[in-house]
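Here is the structure we will look at.
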Amino acid sequence: MTVEQRGFGVGASLRRKEDARFLHGRGRFVGDITRPGMLEVAFLRSPIAHARLLGVTKPQGAEKRVFTLADLPGIGTIRANSALPGFRVSEQPALAKDRLRHVGEAIAACVAGSRAAAEDLAAACVLDYEALPAVHDMLQAPLPDQPLIHDHWTMNAFLETRRNDDVSGLDAVAAAKVTRTLRTSRQCMAPLEGRGVLAEWDPRLEQMIVTTSTQMPHVTKTGLADCLGLDEGQVRIVSPDVGGGFGYKGILLPEEIVCASLAIRLGRPVRWLEDRFEHLSASANCREHHYVITAWADKAGKLLGVECEATVDAGAYSSYPFGACLEAAQVGSILPGPYVLPLLRCHTISACTNKPPILPYRGVARTGVCYAMETTLDALARKLDITAEAIRLANLVPPDAMPYRNLVGKVFDSGDYPEALRRAVAAFDLDAIRARQAAGEAVGFGLATFCEQGAHGTSVYHAWGIPFVPGFEQAQARLSPDGVLELRVGVHSHGQGMETTLAQVANEILGVHPDKVRVVHGDTALTPYSTGTWGSRAMVMAGGAVAEACRQLAGRVAAIGAALMQVSVAEVEVADGKVRRRDSDVFVTIADVARTWYRAPQNLPPGVDKGGLEITAGYRPDPDTGTHSYACHAAVARVDVRTGAVVLEDYVIVEDGGKLVNPMIVDGQVMGGLAQGIGTALYEEMPYDRDGQPLAATLADYLLPGTTDVPDVRLEHMETLSPWTTFGQKGIGESGAIGPPGAIVNAINDALARLGAEVFDLPASPSRVLAAIHAAKGGVR
Amino acid sequence: MKPAAFAYARPLDWSEALQLVASGARPAAGTQSLGPLLNLRLAQPDMLADLRHLPDYAGVTVTGDAIRIGAGTTHAAIEDGAVPGRTGAIMAGVARRIAYRPVRNRGTIGGSLAHADPAADWVAVMPALGATAIALGPRGERRIALDGFVTGIFETALASDELLRAVEVPVLPDAVGWGHWKFCRKIGEFSKVTACVLAVPGAAPRAVLAALDGPPRVIADASALMADTEAEATRIVSGFPELDDWRRAVAQTALMQAVAAASQP
Ligand SMILES: Cc1cc2nc3c(=O)[nH]c(=O)nc-3n(C[C@H](O)[C@H](O)[C@H](O)COP(=O)(O)OP(=O)(O)OC[C@H]3O[C@@H](n4cnc5c(N)ncnc54)[C@H](O)[C@@H]3O)c2cc1C
């Protein structure tokens, strides 16, 4: 399907409707919202990674303002099970019961008129605990000599998965074989706005209203109702402006359960706002992977097989709804990447440790997997003495094979992967880089190619058996009496610009000017049920649903409009916000139609659809195995060999997201992801010591890339439509964060190749880079 | 995190300020370091004495060959040229690379020195320039050479009842050689290693190696370093066995870079 580019519809780089309020400081985040009589909560959190909790002595005179689990009887435990065989179930109490399993785990809620006074209470509590040895290393965690974190388990692992292709014959036939041991660091997602919860009980409606910073309000509603023992009608989730999601806000929070329970108990609104210290010390919850990966290739660089032992540090609990093994268990299915891979042997472990529970961070497992695969490919290329471009071209799925089903059963919908690579390479003067290298400069060029499955649905997730399998996405389109179109969606927009892009979709179908389209999201009382915004799914799923709802609405509008013009429906079309007679300039506006339906029904034709001008429509692509956007990231990095410091000189991304509903917003998404990917590649790491203590508890220690650390990226788009989605659009929200570690470290390794040095661990901090150089000089490799 | 409750006082003259400090109040300058300490509850003073309204707290005066810089002079003022001459140009160059402008707008040279973070810029640069701290206590003013002012991590030679009143730096001739090199992971980040070299014609060159988790190492006569830089830098750095390899390698680079800059005509 081809879509013509028009003024405000699909394909227009429309300025974001939501930006006026953000740029003028009129956004409303949980922290901006107060209620009369509201109380603030500070949590007493575990100072220790692993201990038996023996008791909490509350400050004298404040016993009624400090709440432990025992003070909140009846609140449920968070359980995020998986249907994958062998999954070990963890029970995460909303407040610690008799065991402390990571630093920062909430133990008691302290309630006062101000946050400072609540913190005074927390500081005055006395904890009684018996320390246990902390499990801090994911590689050791599953070993038999380690203390068990969940007593009824047999080992500290949520899940192991295996794929057992026979790779034993490859040594004999391969022209090259490389093995690499690679590690990525634990990270904090560090959104600008932390989590925040405001809970209030409405006695008239007998309803718990929780205003919370979430990217999936409906899932939170279901989980919360379950944990509070309320029916779902008694819980309403409002998710106002959210200052960054990234997966961090895609979870049912223990704090949400506690605040809601307190609000019922105290009969007053209760609010908790996560601060930066809590975020860094209690929520480093993503990205920590370890790989031992071997790859075999023939002389031309064609992959013969890959063997991988992957461990992911999943932390102490399985969080709701995505669970503890989303990352590790996906490694095996993501490893083939955009390549034709004949054999894969893969063993993964989701290790359980005394760290905060893992959450899926933008890119989810792909960032680590792409890093492992792309650096391994470059190692192979160096060994075979072929270029990084050549080895990729030898393996990328060719365009004429699309749609392509790879060896793990993933189906790539469309695209020209080699072309993206060629364009990225062509964007550089490689000869100049090689000349600088020959002159002794430590400068290098690095590539990473990958594809990103997005908007994958029922057929993929049912096998996981997580608490939420996504199905049909629904959207509501309704005209108000003045002709303003309201779109109600259950996904949430927090940076994706959906208040604009969904209006563009409506404009594409109905021609209503985007200024006259209001996108309503972030309130379970107003929007159709949805699993929310995650997995790069919103523009495919909600975009498709809005289009479908608008199409159906167009049918009803046409019928009424035709009647007003006294012609048959077949003689009219809906476009530009009007119902127009095809053969003339005669028209009525959609606003005229709306006015008629609501305010002058005497003029409606007989037999008009009684459903009126409100439509709820559902959508799911068929097949729903997901769209695959893809990209090639290419970086030029310069290394200071005296200090190990890395400067990114240049960065190019060639990206194919199918039909770009709003190219400018896609650019923004890719650039934001790139910044986060640069963080993963060069800066961010939350080290834990042997006692399981996080060592980077302020932003002076936890380094995030700043504006000056992100190069002026050169972005190029390809637009190969997905054959399976409404406009050919593909999910692309996470893509930017996937490629950078692979491309950047490959560039560093290219710069260091002359010295025989190679970096294996992320982030490629100056000390790691220099250690690699020193190791090469010392001949240790 | 929110600070524990504290009282706030705003002394309007120095004797009142000294009385407050003697009674246990914590001096507060730009609060760019104190603020985080309060918020993390690492500092829980009963009272803050806000120094910012004291007479002559900020400002620069030149007397003969000495420049007196009030403790309350902000990094931003120094960046913008509050200190005259070659000395001022050197200091402006340093100030420009402290943190970010909003921090520089509030943070003060006195607060930075009194805070004595080993990684702070003035802690490294002032001893290199041969500066003198002027402390004010119940018995009046006292002069403390800057190369002995910072005595440890967050420790200074100031007595508990003293305030830092001002810093005095020499008027340097135009012809001095100056080298200042620091390693920051990011712009505005605290330094991981700083080296400074000051070469005044006719006098022994002076070097400082700082930001190494302790008080700055002052090399009062850096002639050897200027002459045989690589070997001498290696030797100096080997005197820090407690540092990891990376830090030592960067320290060596820092010294060499600072020497190179100071040697430029
Ligand atoms: C994000 C950020 C980045 C930073 N980066 C850098 C950097 O790159 N380099 C750098 O050097 N600094 C950096 N700083 C620190 C900054 O320079 C501060 O300004 C400085 O450390 C403290 O100065 P202040 O005036 O804010 O002092 P305050 O924070 O008010 O006080 C600091 C301490 O000194 C005491 N004190 C203050 N004035 C006096 C006085 N006159 N007499 C006695 N005691 C006194 C206080 O009691 C307190 O203990 C950074 C700070 C921030 C917030």
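Please state which one of B:Ala89, B:Ala119, B:Ala114 is farther than 28 Å from B:Leu18 by Cβ and touching a residue at least 40 places away in the same chain (Cβ under 8 Å).
Numbers: B:Ala89 fails: touching a residue at least 40 places away in the same chain (Cβ under 8 Å); B:Ala114 fails: farther than 28 Å from B:Leu18 by Cβ.
Sole residue among the options that is farther than 28 Å from B:Leu18 by Cβ and touching a residue at least 40 places away in the same chain (Cβ under 8 Å): B:Ala119.
Collect the residues in the stretch A:683-698 that are open to solvent by 10 Å² or more (accessible area, probe 1.4 Å) and within 13 Å of another protein chain (Cβ to nearest Cβ), keeping them in residue-number order.
A:Tyr683, A:Glu685, A:Ala697, A:Thr698, listed by residue number.
Go through B:Lys182, B:Lys192, B:Lys186 for me and flag whichever is of a type in the set (D, E, K, R), within 18 Å of B:Ala92 (Cα to Cα) and outside the structural domain of B:Asp121 (by TED's automatic domain parsing). It would help to see each step written out before you state the result.
Working: B:Lys192 fails: within 18 Å of B:Ala92 (Cα to Cα); B:Lys186 fails: within 18 Å of B:Ala92 (Cα to Cα).
Selected residue: B:Lys182, the only one of B:Lys182, B:Lys192, B:Lys186 that is of a type in the set (D, E, K, R), within 18 Å of B:Ala92 (Cα to Cα) and outside the structural domain of B:Asp121 (by TED's automatic domain parsing).
Sort out which residues of the stretch B:178-218 are within 15 Å of the ligand (Cβ to nearest atom), in a strand (DSSP E or B) and more than 14 Å from chain A (Cβ to nearest Cβ), and write them in order of number.
Within the stretch B:178-218, B:His180, B:Cys196, B:Val208, B:Ala210 meet the criteria.
Mind checking whether some residue in the stretch B:238-251 is in contact with a Gly (Cβ under 7 Å, 6 or more places away or on another chain) and either outside any helix (DSSP H, G or I) or outside the structural domain of B:Thr156 (by TED's automatic domain parsing) (or both)?
Here is the first cut: in the stretch B:238-251, the residues in contact with a Gly (Cβ under 7 Å, 6 or more places away or on another chain) are B:246.
From what's left, either outside any helix (DSSP H, G or I) or outside the structural domain of B:Thr156 (by TED's automatic domain parsing) (or both): B:246.
Yes, there is a match, as at least one residue in the stretch B:238-251 is in contact with a Gly (Cβ under 7 Å, 6 or more places away or on another chain) and either outside any helix (DSSP H, G or I) or outside the structural domain of B:Thr156 (by TED's automatic domain parsing) (or both).
Out of the residues in the stretch B:47-58 that are within 11 Å of the ligand (Cβ to nearest atom) and in a helix (DSSP H, G or I), which is surrounded by the most Cβ atoms within 10 Å (Cβ to Cβ)? Please lay out each step first, then the result.
Applying the first criterion (within 11 Å of the ligand (Cβ to nearest atom)) to the stretch B:47-58 yields B:48-52, B:54, B:57-58.
Still in the running and in a helix (DSSP H, G or I): B:51-52.
Values: B:Leu51: 25, B:Arg52: 15.
Among residues in the stretch B:47-58 that are within 11 Å of the ligand (Cβ to nearest atom) and in a helix (DSSP H, G or I), the one surrounded by the most Cβ atoms within 10 Å (Cβ to Cβ) is B:Leu51.
It is to be established whether one or more residues within the stretch B:220-231 are assigned to a strand (DSSP E or B), open to solvent by less than 40 Å² (accessible area, probe 1.4 Å) and farther than 28 Å from A:Ala771 by Cα. Can you show your working first?
Looking only at the stretch B:220-231, we keep the residues that are assigned to a strand (DSSP E or B), and these are none.
No, because not a single residue in the stretch B:220-231 is assigned to a strand (DSSP E or B), open to solvent by less than 40 Å² (accessible area, probe 1.4 Å) and farther than 28 Å from A:Ala771 by Cα.
Within the stretch A:579-609, which residues are open to solvent by 60 Å² or more (accessible area, probe 1.4 Å), within 15 Å of A:Pro481 (Cα to Cα) and in contact (Cβ under 8 Å) with a residue 12 or more places away in the chain?
A:Arg595, A:Tyr598, A:Arg599, A:Asn603
Residue by residue through the stretch A:732-781, note down the ones that are open to solvent by 10 Å² or more (accessible area, probe 1.4 Å) and part of a loop (DSSP other than H, G, I, E, B).
A:Ile732, A:Gly733, A:Glu734, A:Gly756, A:Glu758, A:Phe760, A:Gly778, A:Gly779, A:Val780, A:Arg781
For A:Thr708, state whether it is within 13 Å of another protein chain (Cβ to nearest Cβ), part of a loop (DSSP other than H, G, I, E, B), surrounded by fewer than 24 Cβ atoms within 10 Å (Cβ to Cβ) and hydroxyl-bearing (Ser, Thr, Tyr). Steps first, please.
On the way: within 13 Å of another protein chain (Cβ to nearest Cβ): yes; part of a loop (DSSP other than H, G, I, E, B): no; surrounded by fewer than 24 Cβ atoms within 10 Å (Cβ to Cβ): yes; hydroxyl-bearing (Ser, Thr, Tyr): yes.
No.
Can you give me the number of residues within the stretch A:158-176 that are open to solvent by 20 Å² or more (accessible area, probe 1.4 Å) and either polar (S, T, N, Q) or assigned to a loop (DSSP other than H, G, I, E, B) (or both)? Break it down stepwise before answering.
Restricting attention to the stretch A:158-176, the residues satisfying the condition of being open to solvent by 20 Å² or more (accessible area, probe 1.4 Å) are A:160-166, A:168-169, A:171-175.
After this cut, where a residue has to be either polar (S, T, N, Q) or assigned to a loop (DSSP other than H, G, I, E, B) (or both) as well, the list is A:161, A:164-166, A:168-169, A:174-175.
Result for the stretch A:158-176: 8.
Considering only the stretch A:557-570, I want to know if a residue exists there that is open to solvent by less than 40 Å² (accessible area, probe 1.4 Å), closer than 26 Å to A:Val540 by Cβ and not assigned by TED's automatic domain parsing to the domain that holds A:Ser722.
The answer is yes, given that some residue of the stretch A:557-570 is open to solvent by less than 40 Å² (accessible area, probe 1.4 Å), closer than 26 Å to A:Val540 by Cβ and not assigned by TED's automatic domain parsing to the domain that holds A:Ser722.
Of all the strands (runs of 3 or more DSSP E) wholly in the stretch A:583-686, which have at least 2 residues that are closer than 30 Å to A:Ala190 by Cβ?
Details: elements: A:587-589, A:614-619, A:627-639, A:646-656.
By residue number, A:627-639, A:646-656.
Looking at (1) open to solvent by 20 Å² or more (accessible area, probe 1.4 Å); (2) more than 14 Å from chain A (Cβ to nearest Cβ); (3) over 30 Å from B:Gln19 (Cα atoms); (4) not polar (S, T, N, Q), which is the one condition that is false for B:Glu155?
(3)
With respect to B:Arg68, is the statement that it is open to solvent by 10 Å² or more (accessible area, probe 1.4 Å), assigned to a loop (DSSP other than H, G, I, E, B) and touching a residue at least 40 places away in the same chain (Cβ under 8 Å) true? Give the steps one after another, and end with the answer.
Values: open to solvent by 10 Å² or more (accessible area, probe 1.4 Å): yes; assigned to a loop (DSSP other than H, G, I, E, B): no; touching a residue at least 40 places away in the same chain (Cβ under 8 Å): yes.
For B:Arg68, the condition - open to solvent by 10 Å² or more (accessible area, probe 1.4 Å), assigned to a loop (DSSP other than H, G, I, E, B) and touching a residue at least 40 places away in the same chain (Cβ under 8 Å) - is not met.
Among the residues of the stretch B:88-97, is any within 8 Å of the ligand (Cβ to nearest atom), outside any loop (DSSP other than H, G, I, E, B) and within 14 Å of another protein chain (Cβ to nearest Cβ)? Reasoning before the result, please.
Pass one, the stretch B:88-97, residues within 8 Å of the ligand (Cβ to nearest atom): B:97.
Now drop any that are not outside any loop (DSSP other than H, G, I, E, B), which leaves none.
No, because not a single residue in the stretch B:88-97 is within 8 Å of the ligand (Cβ to nearest atom), outside any loop (DSSP other than H, G, I, E, B) and within 14 Å of another protein chain (Cβ to nearest Cβ).
Take the residues of the stretch B:157-177 that are hydrophobic (A, V, I, L, M, F, W, C) and in a loop (DSSP other than H, G, I, E, B): which is nearest to the ligand (Cβ to nearest atom)?
The initial filter retains those residues of the stretch B:157-177 that are hydrophobic (A, V, I, L, M, F, W, C), namely B:157-159, B:163-164, B:166-167, B:169, B:171-172, B:175-176.
With in a loop (DSSP other than H, G, I, E, B) added as a condition, the list becomes B:157-159, B:171-172, B:175-176.
On the way: B:Ala157: 11, B:Leu158: 6, B:Ala159: 10, B:Val171: 23, B:Leu172: 21, B:Ala175: 28, B:Val176: 22 Å.
Filtering first and then ranking leaves B:Leu158.
Within the stretch A:386-424, track down each residue that is open to solvent by 20 Å² or more (accessible area, probe 1.4 Å) and either part of a helix (DSSP H, G or I) or among the small types (Gly, Ala, Ser) (or both).
Scanning the stretch A:386-424 gives A:Ala388, A:Glu389, A:Ala390, A:Leu393, A:Ala394, A:Pro399, A:Asp400, A:Ala401, A:Gly409, A:Glu419, A:Arg422, A:Arg423.
Of the residues that make up the stretch B:120-141, is at least one near the ligand (Cβ under 10 Å from one of its atoms), within 14 Å of chain A (Cβ to nearest Cβ) and crowded, with 20+ Cβ neighbours inside 10 Å?
Within the stretch B:120-141 (the criterion being near the ligand (Cβ under 10 Å from one of its atoms), within 14 Å of chain A (Cβ to nearest Cβ) and crowded, with 20+ Cβ neighbours inside 10 Å), the answer is yes, since at least one residue qualifies.
State the number of residues belonging to the stretch B:102-115 that are more than 7 Å from the ligand (Cβ to nearest atom) and crowded, with 21+ Cβ neighbours inside 10 Å.
Filtering the stretch B:102-115 for residues more than 7 Å from the ligand (Cβ to nearest atom) gives B:102, B:104-105, B:109, B:113.
Applying the additional criterion that residues be crowded, with 21+ Cβ neighbours inside 10 Å yields B:104, B:109, B:113.
Total satisfying the criteria: 3.
Residues in the stretch B:175-198: is at least one of a type in the set (Gly, Ala, Ser), surrounded by 23 or more Cβ atoms within 10 Å (Cβ to Cβ), more than 19 Å from the chain's Cα centre (by Cα) and on the phi < 0 side of the Ramachandran plot?
First pass over the stretch B:175-198, keeping only residues of a type in the set (Gly, Ala, Ser): B:175, B:177, B:179, B:188, B:191, B:195.
Filter again for surrounded by 23 or more Cβ atoms within 10 Å (Cβ to Cβ), leaving B:179, B:191, B:195.
If we keep only those that are more than 19 Å from the chain's Cα centre (by Cα) as well, we get none.
The answer is no, given that none of the residues of the stretch B:175-198 is of a type in the set (Gly, Ala, Ser), surrounded by 23 or more Cβ atoms within 10 Å (Cβ to Cβ), more than 19 Å from the chain's Cα centre (by Cα) and on the phi < 0 side of the Ramachandran plot.
For the condition of a type in the set (Lys, Arg) and away from chain B (no Cβ under 14 Å), what is the one hit in A:Arg642, A:Arg620?
On the way: A:Arg642 fails: away from chain B (no Cβ under 14 Å).
When all the criteria are applied, what remains is A:Arg620.
Return the residues of the stretch A:312-340 that are open to solvent by 10 Å² or more (accessible area, probe 1.4 Å) and more than 20 Å from the chain's Cα centre (by Cα); say none if nothing qualifies.
Within the stretch A:312-340, A:Val340 is the sole residue that qualifies.
Of everything in the stretch A:473-501, what is more than 21 Å from A:Ile732 (Cβ to Cβ) and within 20 Å of the chain's Cα centre (by Cα)? Give them in sequence order.
Matches in the stretch A:473-501: none.
Which residue pairs have Cβ atoms closer than 7 Å, lie 6 or more positions apart in sequence or on different chains, and pair a first residue in the stretch B:17-46 that is more than 11 Å from chain A (Cβ to nearest Cβ) and near the ligand (Cβ under 6 Å from one of its atoms) with a second residue that is in a helix (DSSP H, G or I) and hydrophobic (A, V, I, L, M, F, W, C)?
Taking only residues 6 or more apart or on different chains, the pairs are B:Pro27/B:Val21; B:Pro27/B:Leu51; B:Ala28/B:Leu34; B:Ala28/B:Leu51; B:Ala29/B:Leu51; B:Gln32/B:Val103.
The values are calculated or read from the model by the stated rules, or taken from the named source; none is laboratory data. All of these numbers come straight from a predicted model, not from anything done at the bench. Virtual Cβ from ideal backbone geometry, glycine too; neighbours counted across all protein chains shown. Keep in mind that these areas ignore ligands, DNA and RNA; they rest on the heavy atoms of the full protein, side chains included. Shrake-Rupley method; radii C 1.70, N 1.55, O 1.52, S 1.80 Å.
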